[in-house]
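For reference, the structure discussed in these notes is given below.
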């Protein structure tokens, strides 16, 4: 809301409107917004019943929403900067419906929020609880399960993690802001001639300094972009992962993190359906990996819960066991996918790039372009790129592996940055085999496994292997009722 107000104020000041008038209008607008927010908060009420929780909101028109306890998958506590300073929290109830919060209460006192979360969890779990007492700011919080710390990141670990999280989000945000508020700028950002005139002077000066100066200028530009990406990634990581702590409690995993916005999330162990272990191209060389839990509830901004975003494998293995899974055995019998799938993918990729290269070559040929001018390097580069990508597809086939044991399904892939997915056979919801026209002729298929909190897809399997996995997984899934397996 602040950026539009600033842009609007700049526009008004450019039109000759006095600054005191603009400030007074801003003050009136902010006071009205604060009054409206206060009235909305005062009219927001909730009731904790025996079978559901009901939230009523609205100033003029009242709206009532209720959710049965059995539908609640997770109850999380979130504190942004200002509410944290005021001792307030936001309570969010996750129902597993596409990652959207069915209900949200903002804001409650810290003690009241903790007591409400414990009460809802106890009633969801079918435990006997006392009625919720009348809430006030001086009430004592219900003591939660302290739990055992099984993973934590200190400040040094968080800072190290930030240097691996290269991001150009600030550049994208700057371009988006310029495009959104272009009306408030004193120049036209879409005027190509103006930009050409602006860059003509520095460009001509750099061109006159010789080839070495041009190379140095290009290197400085690239290094500046890299520096911006490193600083952006560092800041985002520090804000998100500060004081990251993962605890093992009787009710599941409890994760706390955040510098400005503090989140407190509980992930029940019996609802974890799969694990995702991943690494990056560079961080793999230093032995760093990440672990995510795929469950019925959704994490903020993603389909999986971050359990260990930056850890060593020896730190990840205890978390894997605590989640009810087994680490990948050393003697696992890995199976590769269909080589025909890799060949077809390589052929399609090469054909697409060769078609583009051919079209550019024909355009240059009939356009009378001189080879010495370097335009012909474009189709030649696409020709080389098609060969590299085709070879990459074949190499990726050798690294795309799957395995099955009595309890778990494994899927590993990645050439430079490896990824390993582990799924509990009994907690899968569905198994689907799909085959397109090319796959039917070439003898391979795609196996899609249903997960409430994510996706698990094995592409390019031989048809026999796909049916073998489906039969084995269906046998495990039908041994017990899924609603009982993941019941709260």
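Put simply, when 83-95, 262-274, 319-331, 19-31 are sorted by average Cβ atoms within 10 angstrom per residue, most first, you get 262-274, 83-95, 319-331, 19-31. Dividing the convex hull volume of the alpha carbon atoms of region 260-341 by its residue count gives 168 Å³ per residue.
Between residue 85 and residue 347, the simple label model (points 7 Å from Cα in the Cβ direction) yields a spacing of 6.4 nm. Using a simple spin-label model with pseudo-atoms 7 Å out from Cα toward Cβ, residue 339 and residue 356 lie 2.9 nm apart.
The slack in the chain from residue 405 to residue 270, taken as 0.36 nm per residue of separation less the alpha-carbon distance, amounts to 46.6 nm.
With coordinates expressed along the principal axes, the C-alpha atoms belonging to region 332-477 extend over 67, 31, 27 Å, beginning with the largest.
Kirkwood-type hydrodynamic radius, region 339-398: 12.3 Å, calculated from all non-identical alpha-carbon pairs. Here the gap between residue 365 and residue 148, fully extended at 0.36 nm per residue and compared with their Cα-Cα distance, gives a gain of 71.1 nm. Take every pair of alpha-carbon atoms less than 8 Å apart whose residues are at least six positions apart; their mean separation over the length of region 339-398 yields a relative contact order of 58 percent. Note on residue 326 and residue 417: their simple-model spin labels are 3.1 nm apart, each label 7 Å out from Cα toward Cβ.
The packing ranking, built from the mean of other Cβ atoms within 10 Å per residue, places the peptides 409-421, 164-176 in the order 409-421, 164-176, highest first.
Throughout, read-outs are computed from the coordinates displayed, never taken from laboratory work. Note that the structure is a prediction, hence the values are computed from the model and not measured. Ideal geometry is used to build each Cβ from the backbone, glycine not excepted, and the neighbour counts take in all protein chains shown.
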